[in-house]
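Structure record follows, encoded as structure tokens.
Read the figures in this text as sums done on the coordinates, not as results from a lab. Remember, it's a predicted structure, so these values are computed and weren't measured experimentally. In this analysis, Cβ positions are derived from the backbone assuming ideal geometry, glycine residues included, and neighbour counts consider all displayed protein chains.
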Amino acid sequence: MLYRKPLNKLRNFLQKQGFLRTGVFFTLLFSIILYSWVAFSQQPVVLTMLLAAPDSPPWKQFLIKNFEAKHPGIRINLVEGPNATNLLEDLYTSAFILGESPYDLIYMDTIWAPKFAAGNWLLPLDDRISKNELKAFSAKDVEAGRYQDKLYRIPMRSDVGMLYYREDLLKEAGFKPPETFEDLMRISQALQKKDKVKWGYVWQGRQYEGLVAMFVEVLEGSGGFWINSDTGEVGLDRPQTLKAIEFLRSTVREGVSPPGVTTYIEEDTRRMFQSGQVAFLRSWPYVWTLANQESSPIRGKFGIKTMVHAPGSTGGACLGGWGVGIAKSSRHKEEAWKAILYFTSEEAQRQFTLSESYVPSRRALFTDPEIVAKFPHFPQLLKVVDNAVLRPPVAQYAQASDILQRYLSATLSGRMTPERAMQAAASETRQLLRIGKS
Ligand code: GLC
């Protein structure tokens, strides 16, 4: 044996020194090995996960604590990343490309699973969860985690884009909540004229994923579409797309939206709406809790409804949301699955819904008495989730979104005409999808 020589030498030395007799020596050695083995085998398994920094409070305050209390042998190491979904995606992607991912749990937006699965970076989860168990979740959220008939992501929370409106100001001025784009413009201008608000409407206009999520809603409400993932058809150069862009451009041109809106992300728009200067906001349900906190000037003064649309079309809500998967290279797959089971459980979702007004992915929670008592709009949200518009579930999603972001941004900030921008966007997207096929 490799160690025999040095061990014998050590024993002879100790005996010569008169320190130990052979029996005592081996008992001592055995105890040291046993102790180290026990100490080593009791080291907790650490699961690492990356998420956007502003999303971390509920994880730190209760989700991780509760999970670790139930599983004392597992620890969660949370890495806080930037607050833009595409930047987070880039970080995960580079970690995967570099080889063994430092992340065990992959916290994924609705639009990432096809790309990560096509890269062979995720563990398929089908044999760990039954069809019946999956039925408890909203179907669209589950679908977003599938790629080529395999499941890679379990939805932890859903999300849908909504329209927030100042209920108090609308009532006082005798307006009903708007249904169409025209209603929204008319009410905004009337409230601005009376100096009730500085701005009518704020939305996410920066060149990033949030712009695309907001745009698919206006597009749906104009009767258009981006990519039909079944047929591969691209609808960006159709008249309906130009109409959708015209609505957004008109909000800035007519002074309803501030010129800076083309640089805003969710949190910029939420802060403006919450300060009381704005009549309407397009955002996600997380705003509800923050805008209703005690220090908020608009606490109890706003309502939430589905997005406005053109006459004859229906309002579209973009499906967002987050779910968890397991890195194929993780050395702790069983522990990672235990974490997924807990974070997507009814108990965990109830807690983070009550605390953050996040939309759950489990259907039963939309009508849960405790949740409805706090958020009376939740039963209505389930219908919105069921009818929500998916961003196209294609493996080249990140590139397709990047094309749309670039050209939309160019036309919204006046650098290109809508026609030229959308012709270019449509032809680049068609080329991308053709390459993907070949
Ligand atoms: C929200 C949504 C996510 C979307 C993102 C865009 O986090 O849940 O699906 O991609 O906003 O900014």
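Brief remarks on what is shown
- The chain: most fluctuating residue of P57, P393, P155 per GNM, C-alpha cutoff 10 Å: P57
- R0 of 22 Å, Cβ-Cβ distance S130-K333: FRET efficiency to nearest 0.05: 0.75
- The angle between the Cα long axis of helix 346-356 and the main principal axis of the chain comes to about 50°, on a 0 to 90 degree scale.
- Each Lys or Arg adds one and each Asp or Glu takes one away; over the other residues whose Cβ falls under 13 Å from the Cβ of G436, this sums to +3.
- Within straight-line cross-link reach of K305, aspartates and glutamates at Cα separation under 12 Å, skipping those fewer than 8 residues along the same chain: E167, E179
- The DSSP beta bridges internal to the chain are antiparallel in roughly 65% of cases.
- On the beta carbon distance between R253 and K305, with R0 = 25 Å, the FRET formula returns roughly 0.50.
- Relative contact order of the chain, pairs being alpha-carbon contacts under 8 Å that are 6 or more residues apart, as %: 23 percent
- Hits among aspartates and glutamates - C-alpha to C-alpha of K193 under 14 Å, sequence gap 8 or more where chains match: E254
- Listed by chain and number, the lysines placed with their C-alpha closer than 27 angstrom to that of K333 are K60, K65, K70, K115, K131, K135, K140, K150; residues fewer than eight positions away on the same chain are left out.
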